[in-house]
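Laboratory data are not the source of any read-out in this text; all were calculated from the coordinates shown. Computed from a predicted structure; not experimentally measured. Using ideal geometry, Cβ is built from the backbone for each residue, glycine included, and neighbour counts are taken over all protein chains shown.
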Amino acid sequence: MSHGWQAVAELRAAEVLHAMGTLGFRELHDQMVRFFRALALEVGDSVESGKTPPGLPMEIDDVIWYSVAVPLEGIFFSYSVYPGERQIRICDLIWITTDPDLP
């Protein structure tokens, strides 16, 4: 049903995602890319069937953002849905790590 939906990382989210890969967390980076792709498909299915997309909805400046946590990885992010463009846009990607070697 939702074929063609895509996940787009806005600048700040893309920078955090890129940092995961360059700081030695390539597997986590790749897992999150796959997670975002799967989320886009799930959101597409939700939208096309009239259901609420996953996450905690909150309205900011007439845009509904959905907040999602990936607690085992220390990752939190928000995304918005653009059905006309068949995409979700990920922003506010927060990655918390306890690795003492990271800046």
**OP:** Divide by every residue of the chain the summed helix terms, -39500 (n - 2.57) for each DSSP H run of at least 4, and state the resulting mean residue ellipticity at 222 nm, rounded to the nearest 500 deg cm²/dmol.
**Re:** -11500 deg cm²/dmol
Original post:
Which whole-Hz ³J(HN,Hα) couplings does the stretch 37-53 yield from phi under the Karplus relation 6.51 cos²θ - 1.76 cosθ + 1.60, θ = phi - 60°, glycine and proline marked x?
Top reply: 4, 5, 4, 4, 5, 5, 5, x, 4, 4, 4, 5, 9, x, 9, 6, x
Original post:
Any idea how far apart S67 and D45 come out in nm if each label point goes 7 Å out from Cα toward Cβ?
Top reply: 2.6
**OP:** Any chance you could give the angle, 0 to 90 degrees and rounded to 10, that helix 11-22 forms with the longest Cα principal axis of the chain?
**Re:** 40
Original post:
At what distance in nm do the modelled label points of T97 and V33 sit from each other, each positioned 7 Å from its Cα along Cα→Cβ?
Top reply: 1.6
Original post:
Using a simple charge model, +1 on the beta-carbon of Lys and Arg, -1 on the beta-carbon of Asp and Glu, nothing else, what dipole does the chain show about its Cα centre, in debye to the nearest 20?
Top reply: 240
**OP:** Along Cα→Cβ, 7 Å out, is where each label goes; now give me the distance between the ones at F76 and E10 in nm to one decimal.
**Re:** 1.7
